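All remarks here apply to the structure that follows.
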Amino acid sequence: MPASVVTRDRNTSVLSVRGLHRTYGRGPNAFEALRGIDLDIRLGESVAIVGKSGSGKSTLMHLLALLDRPSEGTVVLDGRDVREMSGRELNRARNKTFGFVFQQFFLTPSQTTVENVMLPLKIAGVGRRTRRERALRTLDQLELGDKSKNRAVDLSGGQKQRAVIARALVNDPRIIFADEPTGNLDSVTGGVVEDILFDLNRNLGITLVIVTHDEDLAARCDRRIHIRDGRVDGEDAR
């Protein structure tokens, strides 16, 4: 991975949420997934969101990543309440400010690796030649350049996840959200993927937010936020 000297003010909040509630359904069958979350994500840190299945951790990540809207409460990105943002601004934030790495790879199987990696640039309106150059450069950084012409369906699990990371990086995001990023990988391949993510955090200053059941992965983060029954149930730092 490319190394650079990164200056970070760990006291600067890039994302803040206050009084966050998320309820699904109405009436007696309503389910309250989040019940008043207050949380700050600081610039350049790595944060693990941990908890049992159904605790609300993935719901919290979706709200932080602007993939869903809270039923109550505020989400503030770079000091601005996202409720003030237009639909175009929200789409730009999701595409440019954030990168996403999920347990399910969400690659288009019939497309080549480089075509999958180019997708965020295509959405952003970047010209074909430029987006191909940037995608190939990012694949090279992840030691996947030799697989650029392979169809995604023909990649191994570890190669698919590296392709997903390349796709997350190609737009130079400031924050990467990773939901169980090693859940479908064996321990050796998972360790490689973890190292890539933490190298990005350490060397490039990309803020890393990871949802995981994996205690070893969580322990590598600067902070662990424990979620239980839709509430923050404590946090600890490395």
- Message: Based on this model, can you work out whether A48 counts as of a type in the set (A, V, I, L, M), touching a residue at least 60 places away in the same chain (Cβ under 8 Å) and in contact with a strand residue (DSSP E or B) (Cβ under 7 Å, 6 or more places away or on another chain)?
- Response: yes
- Message: Take the conditions modelled with pLDDT under 95 and over 20 Å from the mean Cα position of the chain (by Cα) and apply them to R128. Does it pass?
- Response: yes
- How many residues of the range 83-130 are touching a strand residue (DSSP E or B) at 6+ places or on another chain (Cβ under 9 Å) and on the phi > 0 side of the Ramachandran plot? The answer is 1
- Residue match in the range 84-91 (condition: over 13 Å from the mean Cα position of the chain (by Cα), surrounded by 15 or more Cβ atoms within 10 Å (Cβ to Cβ), farther than 29 Å from K149 by Cα and modelled with pLDDT of 95 or more): no
- Task: Answer with yes or no whether V209 is modelled with pLDDT of 95 or more and farther than 27 Å from D172 by Cβ.
- Result: no
- Message: If K149 meets every condition in (1) outside any helix (DSSP H, G or I); (2) at pLDDT below 95 apart from one, which number is that one?
- Response: (2)
- Note on the structure: Cβ pairs under 9 Å, 6+ apart or interchain, first in the range 135-146 and buried (at least 16 other Cβ atoms within 10 Å of the Cβ), second of a type in the set (S, T, Y) and assigned to a loop (DSSP other than H, G, I, E, B), ordered by first then second residue, are A135/S148; L136/S148; L139/S148
- Task: Can you work out which of the residues in the range 20-48 that are of a type in the set (V, I, T) and out of contact with any Gly (no Cβ under 9 Å at 6 or more places or on another chain) is farthest from R224 (Cα to Cα)?
- Result: T23
- Item | All positions within the range 203-234 that are in a loop (DSSP other than H, G, I, E, B) and in contact (Cβ under 8 Å) with a residue 60 or more places away in the chain | G205, I206, T212, H213, R220, C221, D222, D229, G230
- Task: Restrict the check to the range 24-43 and report whether at least one residue is in contact (Cβ under 8 Å) with a residue 24 or more places away in the chain, in contact with a Leu (Cβ under 9 Å, 6 or more places away or on another chain), closer than 27 Å to L217 by Cβ and assigned to a loop (DSSP other than H, G, I, E, B).
- Result: no
- From the options E215, E235, residue that is surrounded by fewer than 18 Cβ atoms within 10 Å (Cβ to Cβ) and more than 23 Å from S13 (Cα to Cα): E215
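Residue-by-condition table, conditions (1) within 26 Å of N95 (Cβ to Cβ); (2) surrounded by fewer than 23 Cβ atoms within 10 Å (Cβ to Cβ); (3) in contact (Cβ under 8 Å) with a residue 60 or more places away in the chain; (4) over 13 Å from the mean Cα position of the chain (by Cα):
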| site | (1), (2), (3), (4) |
| --- | --- |
| Q159 | yes, yes, no, yes |
| V164 | yes, no, yes, no |
| L169 | yes, no, yes, no |
| P173 | yes, yes, yes, no |
| F177 | yes, no, yes, no |
| E180 | yes, yes, yes, no |
| G183 | yes, yes, yes, yes |
| T189 | no, yes, no, yes |
| I196 | yes, yes, yes, yes |
- Message: Of everything in the range 44-75, what is part of a loop (DSSP other than H, G, I, E, B), farther than 17 Å from A237 by Cα, of a type outside the set (A, V, I, L, M, F, W, C) and out of contact with any helix residue (DSSP H, G or I) (no Cβ under 6 Å at 6 or more places or on another chain)? Give them in sequence order.
- Response: K52, S53, G54, S55, G56, R69, S71
- Message: Can you tell me how many residues within the range 91-134 are assigned to a loop (DSSP other than H, G, I, E, B) and among the hydroxyl-bearing types (S, T, Y)?
- Response: 2
- Message: Just to be sure I understand, how many residues within the range 147-157 are surrounded by 14 or more Cβ atoms within 10 Å (Cβ to Cβ) and of a type in the set (S, T, Y)?
- Response: 1
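The values are calculated or read from the model by the stated rules, or taken from the named source; none is laboratory data. This structure is a prediction, so every number in the text was calculated from the model and none was measured. In this analysis, Cβ positions are derived from the backbone assuming ideal geometry, glycine residues included, and neighbour counts consider all displayed protein chains.
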